[in-house]
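Peer 1: So that we are looking at the same thing, I have put the structure below in structure tokens.
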Amino acid sequence: MSRLLWALFVALAMPVFATGKLPPRPAAVELPVGKWRIEFANGVVETCEVRADGRAFEAEPLRRSPGRATIRDRSVVIRFDDDRTERWTQVDRRWLVEHWCPSKEFPVGRRVLGVAERRR
């Protein structure tokens, strides 16, 4: 997993080092509607389904929880009913996922990083 996070960092950083400029941000952020597989740096793998109406459903081996996705500051914030919060930031076709538990740690407390890829 650490290779995947390192690759994501390099993909984000290379345009900055090559040109000295930040890559352009998407014009508008949309909900990541669909089914996703998220692999976190701590080894946890979860699946998440986000629906167009903002409802979200998360599952991993030891927990399942519904939640609500909203757009905030060019990212998507998902608050789950079991006191966890995730912030998703789009990077090409993947999403960088920051996970906080408990939710009171959001947005500056200790978090776990992951990468979400669309399930096929």
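Peer 1: Mind sorting 80, 57, 106 by how few other Cβ atoms lie within 10 Å of their own Cβ, fewest first?
Peer 2: On the way: 80 22, 57 15, 106 18.
Arranged by neighbour count, lowest to highest, 80, 57, 106 become 57, 106, 80.
Peer 1: Arranged by the count of other C-beta atoms within 10 angstrom, fewest first, what order do 71, 78, 38 take? Before the final figure, lay out each step's value.
Peer 2: Values: 71 14, 78 24, 38 21.
Ordered from fewest to most neighbouring Cβ atoms within 10 Å, 71, 78, 38 come out as 71, 38, 78.
Where a number appears in this text, it was derived from the coordinates with a stated rule and is not lab data. Being a predicted model, the structure only gives us computed values, none of them experimental. Virtual Cβ from ideal backbone geometry, glycine too; neighbours counted across all protein chains shown.
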